[in-house]
1. If Rh is defined by the Kirkwood formula over all Cα pairs and Rg also comes from Cα, what ratio Rg/Rh do you get for the stretch 332-473?
2. Keeping the other protein chains in place, figure out the carbon and sulfur percent of the accessible area of the chain, with a 1.4 Å probe.
3. What is the antiparallel percent of DSSP beta bridges lying wholly in the stretch 332-473, to the nearest 5?
4. Compute the accessible area per residue over the stretch 265-370, keeping the other protein chains in place, probe 1.4 Å, unit Å².
5. Among rounded, prolate and oblate, which fits the stretch 61-126 when a ≥ b ≥ c are the square roots of the eigenvalues of its C-alpha gyration tensor, a/c under 1.5 means rounded, and a/b larger than b/c means prolate?
6. In whole Å, what is the distance between the alpha-carbon centres of the stretch 148-168 and the stretch 78-102?
7. Lysines near Lys452 by alpha-carbon distance under 25 Å, same-chain residues fewer than 8 away left out - which ones?
8. Using only alpha carbon positions, build the gyration tensor of the chain, then give the equivalent ellipsoid semi-axes as the square roots of 5 times its eigenvalues, largest first, whole angstrom.
Amino acid sequence: MTFPLRAATVTRRGVIFGAAAGLASLSMAANRTLAASAPRRLIAAPGRQALGYGNATRLADTWSYNGTVPGPLLRYRVGDRLEVDFQNRLDEPTAVHWHGLRPPNAMDGAAPLTQAPVEPGGSMTYAFDLTDAGTYWYHTHFRGWNQQDRGLYGILIVDERKPLQVDQDILLVLDDWVVDKNGQLDPAFGQMHEWAHAGRLGNLATINNSADAAVQLTAGERVRLRLANVANAQIFALLFSGHIPVIVAEDGNPVEPRSLGDKLLVLGPGQRVDLVLDATGAPGSTHPITAYTLTDEVRLGRFVYGAEAGGSGLVGNDVKPLDGNARPILDLANARRLDLTMEGGAMGRMRGAMMSGRMMGMRELVSNGRIWAFNGIAGDMDTPLAVLKRGETAIVDIVNDTAFPHAMHLHGMHFREIARNGEAIDGSWRDTTVLASDDRVSIAFVAEAPGKWMLHCHMIEHQAGGMMTFLEVEGEAG
Ligand SMILES: [Cu+2]
């Protein structure tokens with residue numbers, strides 16, 4: 001079984017990309033006022049969303065939270081309690097996952113592992129304390145290959161006690177959509193051909209729903225950019241022409257501020273990055289924001305400078321680190337070591353895997369909607385990858401033995417990358433990490449939180465196709 005590699009791929013050396021450039025002329029304003037409030041009620045229902053094509057705007061039928069894609073911005077202060085009354089007005093079950101946050105297990109939303117899905121017409125209250133500041137997001141965790149791609153996601157910001165000093169706080173939500181010529185979402189969800197390859201990749205890449213987003217800047221301002229990749233499967237490698245941003249947080253976790261230099265900023269599905277950017281361009285100037293994706297090179301938007309200079313004199317100052325979130329100390333010397341080999345997909349070596357407790361060949365797996373496996377098991381969720389003692393350090397040695405990149409996400413606990421392709425590294429705390437084909441990555445975390453926590457590929461079609469397991473941490477789950 002061989003399929004041509006339709007998508008270019010992220011390699012260990014960087015991004016290899018196609019040559020087609022997306023050119024667009026008109027634009028939608030991309031800046032979004034970040035109101036410091038959070039609605040108490042979240043309703044999942046069919047809706048419509050305007051998508052900007054550069055020279056046109058078309059309405060797409062979506063599924064969304066409270067009628068917009070992304071759903072309402074949920075914004076809190078660290079230490080606040082999240083309380084959301086969720087209602088399901090879809091005609092299929094669903095659940096809400098709080099990506100990157102650390103709720104008690106019963107609030108994690110990973111249906112059906114941590115809760116029964118909320119049935120059509122049903123409701124559920126999600127409530128937990130927000131212990132970590134940073135940029136997070138929430139999304140469906142049930143049939144996500146269908147529900148998330150239709151728009152069931154939103155951004156969640158937890159403000160630091162001592163916020164960064166900036167002139168603007170700008171949210172940039174990256175997505176890609178599969179749209180037809182009328183601007184409707186292609187309803188062909190669940191295509192096994194896509195599942196076996198890179199997932200459902202779009203033909204319309206957007207920042208804040210626009211294929212040519214205009215991010216308004218004033219010369220002399222210092223801004224915080226919060227980027228989130230909410231796409232099902234797409235990887236974005238971004239180039240900010242004329243600007244050198246400083247990375248201050250990854251997946252919500254503060255890092256020692258470091259300049260992006262001349263590198264591309266890579267965001268895999270589910271990942272977030274917070275940047276500080278000094279608006280050093282001239283009044284009236286524009287500067288493209290280019291994305292190299294798995295399929296394309298596109299101009300996603302522009303920094304557009306107003307005619308007047310301004311700002312409060314922060315430009316050029318050292319970027320100070322954000323207040324750290326409390327993180328445990330890793331006991332690497334005594335860590336529990338676990339292996340996780342990712343297998344399957346098109347052009348892979350896998351010839352069969354266990355499903356529902358018995359060995360199946362590829363044809364039988366595919367007829368059951370599975371094409372990927374972890375350690376030879378295609379998505380069975382009745383046995384954990386490991387049972388961990390509460391408080392022990394675990395290291396998962398992940399091998400990507402497939403022809404595709406993947407974005408591994410752990411629920412409930414953040415991890416540090418401690419090795420990549422044989423080299424010891426001192427990675428940032430993250431909740432999602434990207435592995436290129438053949439990559440070997442070791443992640444370490446402390447099993448702090450009791451309960452069953454999913455570990456899966458965040459390319460949702462890969463997860464649904466078998467790339468999922470969970471870790472069970474002993475103790476009384478909240
Ligand atoms: Cu994957």
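1. Using Cα coordinates only, the ratio equals 0.96.
2. Using a 1.4 Å probe with all protein chains present, the chain comes out at 50 percent carbon and sulfur.
3. Approximately 75 percent, going by the DSSP bridge assignments.
4. That works out to 47 Å² for each residue.
5. oblate
6. One Cα centre to the other: 15 Å.
7. Within the straight-line limit of under 25 Å, Lys452 reaches these lysines: Lys389.
8. 33, 26, 23
The values are calculated or read from the model by the stated rules, or taken from the named source; none is laboratory data. If you're wondering where the values come from, they're calculated on a predicted model, not measured in any experiment. As a convention, Cβ positions derive from the backbone with ideal geometry for all residues, glycine included, and neighbour counts pool all protein chains shown. Keep in mind that these areas ignore ligands, DNA and RNA; they rest on the heavy atoms of the full protein, side chains included. Shrake-Rupley method; radii C 1.70, N 1.55, O 1.52, S 1.80 Å.
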